[in-house]
Amino acid sequence: MSNIHAASKLREKYEHFRILVIGRANAGKTTLLKRVCNTDEDPCIYDEKRENLLEPNLGRGIHDIDRPFVFRSNPQFIFHDSPGFEAGDERQLEKVQEFIKSRAKVKEVNEQLHVIWSLL
């Protein structure tokens, strides 16, 4: 089977590709994702009503692992951003571990976690 045929078969099975990005605060997670998606646009974080929760600002962004975000130019990639891992804060690590475990139990393939990227 050729790589192109294999990729085509995967696209039929997976409507979205869900990626968890973890790392320190200000490690460049969003910058990396912009490069991967070949965009300079800001991501969109949607609530249950499909309203964008993210308002561009100069401060630290929203880091709610349970609220996925996408780039409008690449909606097939759904990202989950962990809060930055700060020294001594075990709650952040526990939250990420709980998220990974919950996604591992999901039956629907488009809701499963497909990749975990860790930035050091």
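The values are calculated or read from the model by the stated rules, or taken from the named source; none is laboratory data. This structure is a prediction, so every number in the text was calculated from the model and none was measured. Note that we place each Cβ from the backbone using ideal geometry, even for glycine, and neighbour counts take in every protein chain shown. These area figures cover heavy atoms from the full protein model, side chains too; ligands, DNA and RNA do not enter into them. Shrake-Rupley method; radii C 1.70, N 1.55, O 1.52, S 1.80 Å.
Is it true that some residue in the stretch 62-77 is at pLDDT below 75, in contact with a strand residue (DSSP E or B) (Cβ under 7 Å, 6 or more places away or on another chain) and on the phi < 0 side of the Ramachandran plot? First the steps, then the outcome.
Filtering the stretch 62-77 for residues at pLDDT below 75 gives 62-63.
Retained after the next criterion (residues that are in contact with a strand residue (DSSP E or B) (Cβ under 7 Å, 6 or more places away or on another chain)): 62-63.
Applying the additional criterion that residues be on the phi < 0 side of the Ramachandran plot yields 62-63.
Among the residues of the stretch 62-77, at least one is at pLDDT below 75, in contact with a strand residue (DSSP E or B) (Cβ under 7 Å, 6 or more places away or on another chain) and on the phi < 0 side of the Ramachandran plot, which makes the answer yes.
Do we have residue 19 as β-branched (Val, Ile, Thr) and modelled with pLDDT under 85 here?
Here the answer is no, as residue 19 does not meet what is asked.
Among what's in the stretch 8-32 and is of a type in the set (D, E, K, R) and crowded, with 17+ Cβ neighbours inside 10 Å, pick the residue that is nearest to the chain's Cα centre (by Cα).
18
Which residues, taken from the stretch 69-120, are open to solvent by less than 80 Å² (accessible area, probe 1.4 Å), more than 13 Å from the chain's Cα centre (by Cα) and charged (D, E, K, R)?
Answer for the stretch 69-120, where residues must be open to solvent by less than 80 Å² (accessible area, probe 1.4 Å), more than 13 Å from the chain's Cα centre (by Cα) and charged (D, E, K, R): just 89.
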